[in-house]
Amino acid sequence: MKRFSRYALLSTLACLVSASLPAAAVAAENNLELQQVLIFSRHSIRAPLANYNNALGNATTRTWPVWNTEGGLLTPKGGKVEEHVGGYYRLWLAQNKLLPAKGCPQAGEVFTYANSLPRTIDTAKHFLIGAFPGCELPVVNRVEVGKMDPVFNPIITADVTDQFRSDAISATDKLAGEGGLDGLNKRLKPNYALVAKVMDFQNSKTCKEDKVCDLSTQPSKLVVNQGKEPGISGPLSLGTGISDAFMLQYYEGLPAKDVAWGKITTPEQWRQVEEFKNADQQAIFSSPQIGKNAAATTLTFMSGVLDKSLAKTDDQHAAQQARVTLLVGHDSNIAAFLSALKIKNFTLPGQYERTPIAGAVVFQRWHDKKTNKDLMKIEYVYPTALQIRNGSTYSLKSPMHKVVLQAEGCPIDSKGFCSAETFNQVVQEGLKS
């Protein structure tokens, strides 16, 4: 993982250098007025998606913990975590005078749109409960509950020709570093060794019966099919499933002895475990072929929210006219549109996930009264892993964490602002095939 580690170090230094003033101080200093906010959030804590009777079950001799929530659904704690998140945003929005500190928003001031899966819809509802208690604000979902809304579905819509597949595989192998995906697996050998020990992998069915005992030597392959979400087959997929399962246990607040059976306890071990998922996500979506195509429907909708000249649908018009728009989707959506926008590499201090549970990319349009120009600021706003586990509440004195993001081609000043006009051009470039 030399390539990813080097980027992570550089981006950590960049974050420290570019730390910005509190939003209220920035506004006062520069005569700026916050006019519009688009929050694209990943859902909150869900029960594991994986079927433990299959790949994860076969990869261990240990018994996976039983969850009280059905697989894939938002847990009760996930709802509470999201209410705390919503409460924080209300404070921040009031601080910057976009919405009042108390009472219900006026009609049209808040637009909320979620993917039509129960966990995304419920996340949006709990956010609104936390942000606007006692107010009856609707959550828009446009397809049958349980099915993926095209706006939030990061599938490949392009014609997957031999050339498209070849270009995508070449780009992914390049992003994976020396030796491509197989080289990446070899560099992850210490990570595989850690989870093998935790899982008692050498005595598992996968090793004993399937004769797959050293995951670092197994082949991985980019899987790209029209109408399907892209993925990587092989051991990286298994490692991603393991990291997701363990991280959800930690977030949900299971007793320490039940989180990875009490065998993942240090920050370095967590970093090693989550590196599977982070590497998998970056390798898949960071290629221009995959990132742009998988993000196209999401970014098209967002472009109509942030640039009124591009609003075409009723939902886009409603969101564009709102002061605050909340979109609730998935980590794959965020990974895809960050790639399409060519967001420079970043790290999230206090988090192990690159696109964490209950975290959001927040697009802010500010107006500079002195120059009569609009500016754009993009931040990743997120709870730390420990804050999620502890079910922390937030305030302006004890806020959620923020990292300023920068899109290639849209240079930012020392406080993280770039020209809104230039940013809109970057978005349109991100939509080009």
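Just so you know, all these numbers are worked out from the coordinates, no wet-lab data involved. A quick note: this is a predicted structure, and the numbers were derived from the prediction, not measured. So basically every Cβ, Gly included, is an ideal-geometry build from the backbone, and we count neighbours across all protein chains shown.
Summarising the label geometry, the points placed 7 Å from Cα in the beta-carbon direction at GLN428 and SER233 lie 4.1 nm from one another.
Electrostatic bookkeeping for GLY329 treats Lys and Arg as +1 and Asp and Glu as -1; over the other residues with beta carbon under 12 Å from its beta carbon, the sum is 0. Output the DSSP H helices from the chain with an along-axis C-alpha extent of no less than 20 Å and a mean Kyte-Doolittle hydropathy no less than 0.5. Once both thresholds are applied, what remains is 2-17, 288-306.
Rounded to the nearest 20, the Cβ-based charge dipole of region 80-230 about its Cα centre (Lys and Arg +1, Asp and Glu -1) stands at 420 debye. Here the relative contact order of the chain, from alpha carbon pairs under 8 Å that lie six or more residues apart, stands at 25 percent.
By the rule of a C-alpha distance below 20 Å, with chain neighbours fewer than 8 residues away ignored, the lysines paired with LYS77 are LYS125, LYS257.
For the Cα trace of the chain, dividing Rg by the Kirkwood Rh returns an Rg/Rh value of 0.96. In straight-distance terms, cross-link reach from LYS228 covers every one of the aspartates and glutamates whose alpha-carbon lies under 15 Å from its own, apart from those fewer than eight places away in the same chain; here that gives ASP149, ASP159. Near SER339, once Lys and Arg are set to +1 and Asp and Glu to -1 for all other residues with Cβ below 12 Å from its Cβ, the sum equals +3. Less than 5 angstrom separates the built amide H of ARG46 from those of THR75, all sequence-distant by 5 or more or on a different chain. Each residue, ASP413 and LYS208, gets one label point 7 Å from its Cα in the Cβ direction; the gap between the two is 6.6 nm. For region 386-433, the spherically averaged projection of the C-alpha convex hull amounts to 5.7 nm².
Neighbours of LYS432, meaning other residues whose beta-carbon lies under 13 angstrom from its beta-carbon, give a summed charge of +1 when Lys and Arg score +1 and Asp and Glu score -1. Quick one: go through region 368-392 and flag any residue whose amide nitrogen is under 12 Å from the point 7 Å out along the Cα-to-Cβ line of ASN31. Only 368-373 fall inside the zone, counting backbone N under 12 Å.
Simple point charges give the picture: +1 on the Cβ of Lys and Arg, -1 on the Cβ of Asp and Glu, and for region 275-394 a dipole about the Cα centre of about 440 debye. Gain on full extension, evaluated as 0.36 nm per residue between SER166 and ALA193 minus their Cα-Cα distance, stands at 6.6 nm. The lysines within cross-link reach of LYS415, meaning a Cα-to-Cα straight distance under 22 Å and a gap of 8 or more places when in the same chain, are LYS97, LYS342, LYS344, LYS369, LYS370, LYS373, LYS377, LYS397, LYS402.
Along region 57-67 the Karplus relation, 6.51 cos²θ - 1.76 cosθ + 1.60 evaluated at θ = phi - 60°, assigns HN-Hα couplings of x, 6, 8, 8, 8, 8, 9, 6, x, 8, 9 Hz to successive residues, with x for each Gly and Pro.
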